[in-house]
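Input: a single structure, listed below in structure tokens.
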Amino acid sequence: MVTSHIHLRTLTVRYIAPRHDATTPSTKAPLDSPAACAALCTALLGQEACEVFGLFCLTSKLRLIAYHEVSRGSLDTTVVHPREVFKAALLANAAAVLLAHNHPSGDPTPSADDDIVTRRLVMAGALLGIDVLDHVIVGDRRYVSYKEMGRL
């Protein structure tokens, strides 16, 4: 995958450049469905041994422009703050974002903490004018989408 980096203290945003390789995400195809987002999340986060929260930054046409690992935690938790999520989105000039994290246990069922974080991030995005399109949780080749559950 061809990437470029912006470093601002400890913030790294990976810009995704087009490449003709079946193993890398496409920047041309829009990420407009929970299944497409889940496939990408599973490829990036599915084998992680600890919980990782990631952010996919999208254009107004829902094309992937950047990925940012917001936080890396322990076996069953990670700390996510709206400031860190939207700092990356603003630097990438994102019109919309997809939130994603993994559950190393293999069970992608959202926890009460997942629900709270999702609500906070949706509200923060609304204030900034950045749409939170979905929050996908992956685990053991399964996924849960807040959009599909009607909880966004």
Query raised in the report: If you find the alpha carbon centre of region 125-152 and of region 61-104, how far apart are they in angstrom?
Result: 11
**Report entry** Gain upon complete extension [ARG72, SER105; 0.36 nm per residue less C-alpha separation]
**Finding:** 10.4 nm
Query raised in the report: If packing is taken as the mean number of other Cβ atoms within 10 Å per residue, what is the order of 74-81, 90-97, 38-45, 145-152, highest first?
Result: 38-45, 90-97, 145-152, 74-81
Report task. Would you mind putting 98-106, 48-56, 110-118 in packing order, based on average other-beta-carbon counts within 10 Å, highest first? Result -> 98-106, 48-56, 110-118
**Report entry** Set of region 115-129 residues, backbone N closer than 16 Å to the point 7 Å along the Cα-Cβ line of VAL79
**Finding:** 117
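Laboratory data are not the source of any read-out in this text; all were calculated from the coordinates shown. Keep in mind the model is a prediction, meaning the values are calculated, not measured. Neighbour counts are summed over all protein chains in view; Cβ atoms, including those assigned to glycine, are modelled from backbone coordinates with ideal geometry.
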